[in-house]
Amino acid sequence: MHIPLYALPRPSRRSWPVVRRNLLVWRKLAVPSVLGNIAEPLITLVAFGYGLGSLLGTVAGMPYIQFLASGSIAVSAAMAATFEALYSAFSRMHVQKTWDSILNAPVALDDIVFAEMLWAAMKSMFSVLAIMVVIAALGISRAPTMLLALPVLVFVGVTFASVALVFNALAKGYDFFTYYFTLVMTPMTFLSGVYFPLDQMPSWLRAVAHGLPLTAAVEVVRPLIIGQWPPRWGMPLALLAAYAVGGYYVALVLTRRRFFR
Amino acid sequence: MPEAAELFRAEHLTKHYGASRVVDDLTFALRAGECLGVIGPNGAGKTTTLRMCLGLAAPDSGTIDAFGRPLMAHLREAKQRIGVVAQFDSLDPDFTCRENLRVYGRYFGLPAQTIEARIPGLLDFASLQSKAEARPGELSGGMKRRLSLARALVNDPDLLLLDEPTTGLDPQARHLMWERLQALLQQGKAILLTTHFMDEAERLCDRLLVIDRGRKIAEGTPRGLIAEHLESDVVEVYGDGAIDVSERHAALADRVERSGETAFFYLRSPRALLEALAPRHDVRYLHRPANLEDLFLKLTGRQIRDES
């Protein structure tokens with residue numbers, strides 16, 4: 001009679017008012033948020049890209065600043081979604097009890113989890129758009145294929161939000177998320193060919209790297225940002241999709257268990 | 001007057017959490033315009049019962065019908081007609097009062113025009129017209145509760161579920177809340193409320209359900225329950241001589257209870273006891289009619305229950 005714990009996701013159109021709720025909160029804080037979205041990549045790109053880049057010359061056949069910018073935009077998409085689906089979703093779910101008040105209305109938990117995933121991906125999109133503006137303004141790249149990178153990066157947001165929601169469902173407090181960032185996210189950024197090419201690493205580590213969603217994201221996004229066609233789409237996108245689908249399903253089951261026991 | 005239509009019926013509800021049975025064979029029904037109060041000590045199963053009424057917890061056995069149809073099979077339609085005020089305010093701290101109402105209205109799928117048309121009336125009802133652009137952080141406890149109530153009314157519900165609606169409010173705020181709830185009953189809405197305040201139960205509720213350890217232990221009108229379970233009068237005796245009085249004059253009452261240094265005499269004809277007390281200077285006493293608090297203590301005992 002109840003939604004069984006393991007039922008497939010059943011999101012409905014009632015997810016949308018929940019997304020709009022989060023959007024309305026964001027709009028109230030949009031100016032500092034967008035400034036942060038622009039300032040952070042601007043500082044990193046100028047400092048590391050030009051500073052370090054002048055020492056390195058070309059990396060993987062392109063100026064280091066291009067290499068860095070086209071890789072770190074994928075990190076930003078992943079980080080923005082992860083942060084939103086951990087800290088922000090947790091404060092709505094657990095601290096402010098916003099989810100509880102929404103559940104008293106005719107909105108199902110499946111709708112809320114779907115909305116949080118969607119919203120976290122939207123946050124990725126805002127962040128990515130800001131970085132694209134910086135990349136274009138600094139003249140790092142103005143390739144039209146950047147526009148194709150946008151939907152891919154939003155999908156990266158979907159993937160990382162879905163995986164992060166698993167840990168949101170398990171969390172007892174914010175401290176838990178610190179582990180996720182230091183033990184999962186930070187090592188992953190170093191293993192995904194963002195800051196240096198993967199062929200610098202021993203072969204066993206490279207094998208690990210090729211199983212990571214961020215590596216897959218960089219593989220597709222980097223060429224599109226600098227105006228090239230990705231050598232392959234299928235495998236990396238399939239890997240991202242696998243993380244997204246698996247993560248989302250596990251997150252939903254765990255969240256149902258958390259709320260309905 | 002013909003009986004109003006039955007809106008809600010729960011039959012033989014049972015719910016376990018692990019090995020403990022939190023709700024045990026609970027049956028109740030609610031008609032339009034009626035207020036049913038659920039009273040019981042902490043951990044009696046009140047909140048769990050409300051959660052089941054909202055489909056947020058599935059009963060292990062038993063059935064719930066809302067508006068004539070099985071609740072779980074028609075959950076969304078049923079919730080479309082229910083308003084909820086939870087035990088703890090869960091207003092959106094980032095939104096103004098107006099935005100809280102607007103955003104909540106969207107969860108019901110209401111068109112923007114309908115919501116905007118209702119907001120002034122809701123703010124008015126909650127006496128928050130001047131606070132429309134204030135955030136919950138700027139409101140007093142009573143204002144927050146009234147905003148929670150207004151939010152629960154945004155869908156113009158037929159049934160309201162209120163979990164301890166006046167806990168933590170000062171007397172003025174409680175009276176204003178009661179006045180508003182009575183107005184809603186006048187409009188024909190049904191209210192199911194849980195409370196720890198016997199004066200609230202007596203004032204608002206047409207019928208009461210006394211539950212303890214998940215079981216219904218009494219049901220009836222406030223006056224009817226008192227008449228059924230209690231002697232008509234109570235004499236409370238305090239002071240150094242209270243214990244002595246309770247031992248010496250126990251025969252003058254139908255029942256005597258002691259709680260610390262206070263003796264409670266439950267009796268039908270108080271004259272003899274009052275005459276015995278009058279000359280004593282070592283006690284103070286209060287003679288009053290029996291009330292719901294006495295009933296509650298008689299049925300559920302005087303011992304303290306831990307929060308659960």
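The values are calculated or read from the model by the stated rules, or taken from the named source; none is laboratory data. Values in this document were obtained by computation on a predicted structure and should not be read as measured data. Quick reminder, even Gly has a Cβ in these numbers, built from the backbone with ideal geometry, and neighbours come from all protein chains shown. For accessibility, only protein heavy atoms count, side chains too; no ligands or nucleic acids. Shrake-Rupley method; radii C 1.70, N 1.55, O 1.52, S 1.80 Å.
Nearest 0.05, what FRET efficiency do A:A39 and A:W233 give at R0 = 30 Å with Cβ-Cβ as r? E between A:A39 and A:W233, to the nearest 0.05, is 0.40.
List the trypsin sites (Lys or Arg not before Pro) within region B:241-271 that DSSP assigns to loop and that have no more than 13 neighbouring Cβ atoms inside 10 Å. Answer by residue number: B:R268.
For region A:170-195 versus region B:72-112, the inter-centroid distance based on Cα atoms is 35 Å.
For region B:6-221, with all protein chains in place and a probe radius of 1.4 Å, 48% of the accessible heavy-atom surface sits on carbon or sulfur. What percentages, rounded to whole numbers, describe P(r) for region B:6-221 computed over all alpha carbon pairs with 10 Å bin width beginning at zero? Spelled out per bin, shortest first, that is 8, 34, 36, 18, 3, 0.
Projected label points at A:R261 and B:A29, each 7 Å from Cα along the beta carbon direction, are separated by 3.0 nanometres. Under 12 Å of direct C-alpha separation, and excluding same-chain neighbours fewer than eight residues apart, B:K46 reaches these aspartates and glutamates: B:D24, B:D163, B:E164, B:D212. Taking every protein chain into account, the accessible area of region B:6-221 amounts to 37 square angstrom per residue (probe 1.4 Å). Computed from protein heavy atoms with a 1.4 Å probe, the total accessible area buried between A and B is close to 2500 Å². The mean accessible area for residues of region A:200-248, using a 1.4 Å probe and ignoring ligands and nucleic acids, is 47 Å² per residue.
Between A:L5 and A:F181, the contour length at 0.36 nm per residue exceeds the alpha carbon distance by 60.5 nm. Here the peptides B:164-174, A:168-178, A:68-78 are ranked by packing, the mean other Cβ count within 10 Å, and the order with the highest first is A:68-78, B:164-174, A:168-178. Ligands, DNA and RNA left out, the 1.4 Å accessible surface of chain A is 70% carbon and sulfur atoms.
Take B:T48: with every protein chain present and a 1.4 Å probe, its accessible area is about 20 Å².
Computed from the C-beta positions of A:F190 and B:S140, the FRET efficiency with R₀ = 35 Å rounds to 0.10.
Screening chain A for whole DSSP H helices with an alpha carbon extent of at least 30 angstrom along the helix axis and a mean Kyte-Doolittle hydropathy of at least -0.5 yields A:109-137, A:146-170, A:234-260. The share of C-alpha pairs in chain A whose separation exceeds 34 Å stands at 19 percent.
Of B:F108, B:F67, B:I119, whose Cα points farthest to the positive end of the dipole of region B:6-221 (charges on the beta-carbon: +1 Lys, Arg; -1 Asp, Glu; origin at the Cα centre)? Of the candidates, B:F108 comes out farthest on the positive side.
Between B:T167 and B:D60, the FRET efficiency estimated from the beta carbon spacing at R0 = 30 angstrom works out to 0.60.
Within region B:233-278, the percentage of alpha carbon pairs spaced more than 11 angstrom apart rounds to 59%. Summarising the amide proton neighbourhood of A:G193: residues at separation of 5 or more, or on other chains, whose placed amide H is nearer than 5 Å comprise an empty set. Residues of region B:198-217 falling in the label zone of B:S232, defined by backbone nitrogen less than 11 Å from a point 7 Å along Cα to beta-carbon, are absent.
The helix-based estimate of mean residue ellipticity at 222 nm for chain B, built from -39,500 (n - 2.57) per DSSP H run of four or more residues and divided by its residue count, is -9500 deg cm²/dmol to the nearest 500.
Value of Rg to Rh for the protein assembly as shown, rounded to two decimals, is 1.13; Kirkwood radius and Rg both from alpha-carbon coordinates. Going from the isolated chain to the complete set of protein chains, region A:1-36 loses at least 30 Å² of heavy-atom accessible area (1.4 Å probe) at A:M1, A:H2, A:R14, A:P17, A:R20, A:R21, A:L24, A:V25, A:K28.
Full extension of the chain between A:V31 and A:A47 yields a length gain of 3.4 nm, computed as 0.36 nm times the residue separation minus the alpha carbon distance. Cross-linked pairs A:K97/A:K172; A:K123/A:K172; B:K15/B:K216: Cα-Cα separations exceed 20 Å for A:K123/A:K172.
For region B:213-293, the set of GluC sites (Glu not before Pro) satisfying both a DSSP loop assignment and a count of at most 13 other C-beta atoms within 10 Å is given as B:E261.
For B:V38, the residues 5 or more places off, or on other chains, whose built amide H falls under 5 Å of its own are B:L193, B:T194, B:T195, B:L209. Taken about its Cα centre, region B:238-308 carries a charge dipole of about 300 debye when Lys and Arg each add +1 at the Cβ and Asp and Glu each add -1 at the Cβ. Taking the Cα centre of the protein assembly as shown as origin and assigning +1 to Lys and Arg Cβ atoms and -1 to Asp and Glu Cβ atoms, the resulting dipole is close to 1740 debye. Residue separation of A:S12 and A:A242 scaled by 0.36 nm, minus their Cα-Cα distance, works out to 80.6 nm of gained length. Here region B:185-308 is treated as an ellipsoid with the same Cα gyration tensor; its semi-axes, largest first and in whole Å, are 32, 16, 12. With all protein chains kept in place, the per residue accessible area of region B:231-289 amounts to 56 square angstrom at a probe of 1.4 angstrom.
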